[in-house]
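Since the structure comes first, as structure tokens, the remarks are kept for the end.
No lab work stands behind these numbers, since they all come straight from the coordinates. What you are looking at is a predicted structure, and each value in this text was computed from that prediction instead of being measured. Positions of Cβ are backbone-derived with ideal geometry, glycine not excepted, and every protein chain shown enters the neighbour counts.
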Amino acid sequence: MVQTESIPNNEGVLHRYHSDNTPVVALSTGWFNKKGRCLNNITISANGRSVMAMVVDECDSTMGYDKEHNYQPSCDNNIVDASRAMWEALGVPHDN
């Protein structure tokens, strides 16, 4: 999975892509907090481990099933979509 980073600027949003080897996450709409957490680091803990990741995108919990969202369903309100680097650092098996 490659994460998209949305960076607001005067003309709208720039998009950057991140490798699966980079510890980045996308948060559901409420946690994303109207871009308030964008480009900030958060700590995620699981399996007795803690890992820092940069918030780079929103997993939209309010919209979906349209062209802008590639006709995908909206995310649940409690989603952290993470790069492979995050799951590996937390010791989460690939099949989870």
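Between residue 50 and residue 77, the C-beta separation translates, for a Förster distance of 25 Å, into a calculated FRET efficiency of about 0.60. The alpha carbon convex hull volume per residue for region 3-89 rounds to 100 Å³.
Say the dipole of region 3-89 comes from +1 at the beta carbon of Lys and Arg and -1 at that of Asp and Glu; which of 71, 51, 36 then lies farthest toward its positive end? So the residue we want is 51. Counting 0.36 nm for each residue step from residue 42 to residue 65 and taking away their Cα separation leaves a gain of 5.4 nm.
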